[in-house]
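Just below is one structure, and these are the notes that go with it.
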Amino acid sequence: GLTPSAGEAAEDEKVFTSAGGISYYRFPVDDDNNPNSAPRLVRYTIQVDNNTSSLGAQACLGGFTSNWCTGNATQGVFRNYIITSVLDDPGNKSFYALQARITVSRTGVFRNFATYNDNMEVFPGGGFTIRGKLHTNRSMFLGNGINFKHLRDITNSTFDNRDSDITAVGQIYRNRLHTTDPETDVNIWVRNRKSDGTYEYVSRTLGTNTDSVKVGSTLASSTGANFTGSTAAAGRAQVGDNAYRDGAPLNGNPSNNKWVKDTTSQSPSTNINGTSKQFTGWDEISKNYFDERVRTGDNGVTPYDFPDPASLDPGSSSNRFKADADARGLVIQTVGNTSSFAVTSGTTALSSNDTVVWKGGIPIAIVSADGLTEWTPTLVPGKDPKDIRQITKGTPRGSGTSAENCNDSSKPPSDASTFKPPVSALTPSANDRKFPKCTFNNSSFKDTRENKTVNVTNIDVGKLAKSGLTPVPEGDNPSVPIYATRLDAVQGSAPNGIRLRNGSQLPQESIVSSTATGTKKNCSFNATLSCKDTTSFTVATNIPSYIQGSFNEVHADASGKKPGDVGYDVNSDKWRPASIISDATTVLSNAWQDSQNNSGNGNPASSTTVNAVIATGIVASNNNTYSGGLENFVRLLENWNNSTCNSATSGGMCTLTMKGSMVQLWQSRYATTPWGNASYTPPALRDWSYDLALQDRPDDIFGALGVQTNVGGDGRYEERSLDIKQYRDLALMPVTSPTTATSLPNE
């Protein structure tokens, strides 16, 4: 890609400075292969285009962040450049100058609200509005009450029609993957240019249903449009006898009940602004009726070039997270049952459900199962310090009392308000306690989807933040992970997991030095230590993950502006780009209590917000079971439509708010029970949308892995020729011809 500011020359080019102080570069071009004639001379300069409205829809939508523009869901973040070049005149040859404006964009695997490597299914069984782009590298199956609306408030002047694209490399169907019964109720809002030149926002329906999310706008019901004729029932183009690349469900035979491309003689029509429009063929329907928002492989949609899924799959032996955590982050391991676990030697062996914590590959703490006692790790001489079997308990660093209980809010730990990281926080062998009580502890509850009591290692994110020992960015890898696991998890039979609690606000700073060095800021929790601001929060586990309560919900800058607002400053926002990567992910509401769910689930939930990139596995549909679809991509175990939620005092209904991005690149290995086994009532109101702030930090999720740089993509390129007067008026570079055939001028 292009380099920032004025750019850098190639290795064989030399930088010059014009009289006006503009840096430029030059190189000779032999255009006639004649050693006796002077070479032609090319000069060029690269300038950042700071005009935020210069490219219309490609303008900065949220202002600059670290010299990058906030674009839309397709653009990611980007910079606009103006490149000016001139082919100089060596004597009597013609002068020629060209000026181009080009866009360099950066996007990652988190650029959409939902991205699947496998088939994507969405059948919520009720109102469900998704704001954000959906993409699958295979086929998409839609139906039952879905609305696809634009990411931003649709009255916003920065509206971009591609904020909620629906793309599939294969085809798009209106039936379930494992059945052939047609479904309805798919509503897709598009921008429609009216005859007077203004725009209206209309619903192009594949059925009818009410909105399930209040988007702050009033839409005229009369502006909706429906297909007429034989396709009116679903508003779809039909397959007819067409054979398509991804194969039909079940027996592979095409069906007229599939929504893909039109190969019939019927030409569907619709009334738009009082004019009857006739569309022939799926390509025309996609481009005109859906304003190119709904596209398949037949419209040129190609697979996303994902990074190797195994490198992101924490269940793979080649995943990057364990290695990164070993080198720079935190590794958290719980031994589980010690009957199959034994240390090589040592006097104080680990006990059942003890947890060992490593930082940067060095063990720094052992925490008891109840989360109250901490010990200094002792290594078995000559053994691998990263091997939990080679670690025993050393000096105690304090213990709890009977009045303290990490799983009982009425019995808080005694250091809840007094703990601060000691000066020896980074010294593993010191006797000072490294983590507040209850930062890590164990518990169990019934997971009714798996129909098993699961043992979980609880990580209190707020207390982890107070320790100052969360990973911090280093070099080119700003996303340094926490890797957590339990040794008693067994694929398919014991889906024990990792649970995150108290994560409403993520860690803001982390200790980098035992003394205040002056090069970093003093830590707010201990001014004698030096800290660095965190830029992200990544937790990866090879086993199931559970998120209890609101997570990363604090999300506005110092002036109160939110992502998408003009002038929003991501750097003063206490929100952090967060990613949770696991075998399966379950959200437990703010009302969840283990004591009410020891034998079964389905207890009353309460409104909860989760903001993260969630990369997790699914249990795919087969001939007689449903995967649960995108609407159950995060698993639920509670009654989200209960009387408390529905009371007037609580706002009318429970809302499950999911912001960020959902990524499916693998199948679950531990939590493998199909969807439909859990006893719960889904939310009547789902507020699900892509988080625009992810575009401001393209490298902070999964590190730099999976981030692509595109130059001039999506047609974001324009150029103009300059005559010699126009060129000289720019005053960027001189016009000087060589005086001899064998040398270039000195300028």
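The values are calculated or read from the model by the stated rules, or taken from the named source; none is laboratory data. Because the structure is a prediction, the values reported are computed rather than measured. Please note: Cβ atoms are built from the backbone with ideal geometry, for glycine as well, and neighbour counts cover all protein chains shown. When the accessible area is computed, the model is the full protein with side chains, heavy atoms only, and any ligands, DNA or RNA have been set aside. Shrake-Rupley method; radii C 1.70, N 1.55, O 1.52, S 1.80 Å.
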Distance in nm between pseudo-label sites at S318 and D533 (7 Å out along the Cβ direction from Cα): 3.7
Averaged per residue, the 1.4 Å probe accessible area of region 523-663, protein heavy atoms only, in Å², is roughly 31
Over 23 Å between Cα atoms: which of K561/K659; K466/K532; K437/K520 fall into that group? K437/K520
Using the structure shown, list the pairs from K322/K383; K420/K562; K463/K521; K446/K562 with a Cα-Cα distance above 28 Å, or answer none. K420/K562; K446/K562
Three-way shape call for region 355-410 based on the alpha-carbon gyration tensor, with the a/c threshold at 1.5: prolate
How much accessible area per residue does region 372-456 have, counting only protein heavy atoms and a probe of 1.4 Å, in square angstrom? 45
For region 410-498: rounded, prolate or oblate by the Cα gyration tensor [a/c cutoff 1.5]: oblate
Given a Förster distance of 35 Å, report the FRET efficiency between Q508 and T348 from their Cβ-Cβ distance, rounded to the nearest 0.05. 0.45
Residues whose built amide H sits under 5 Å from the amide H of Y483, excluding neighbours closer than 5 in sequence, are L330, V331, I332, A540
Magnitude of the Cβ-charge dipole (Lys and Arg +1, Asp and Glu -1) of region 475-572 about the Cα centre, nearest 20 debye, reported as 220
Please give the contour-minus-distance gain from R191 to N623: 0.36 nm per residue of separation, less the Cα-Cα distance, rounded to one decimal in nm. 151.7 nm
Other-chain or far-sequence residues with amide H under 5 Å of S513's (modelled H): S530
State, to one decimal in nm, how far the label point of I362 lies from the label point of R728, with both points 7 Å from Cα in the Cβ direction. 6.8
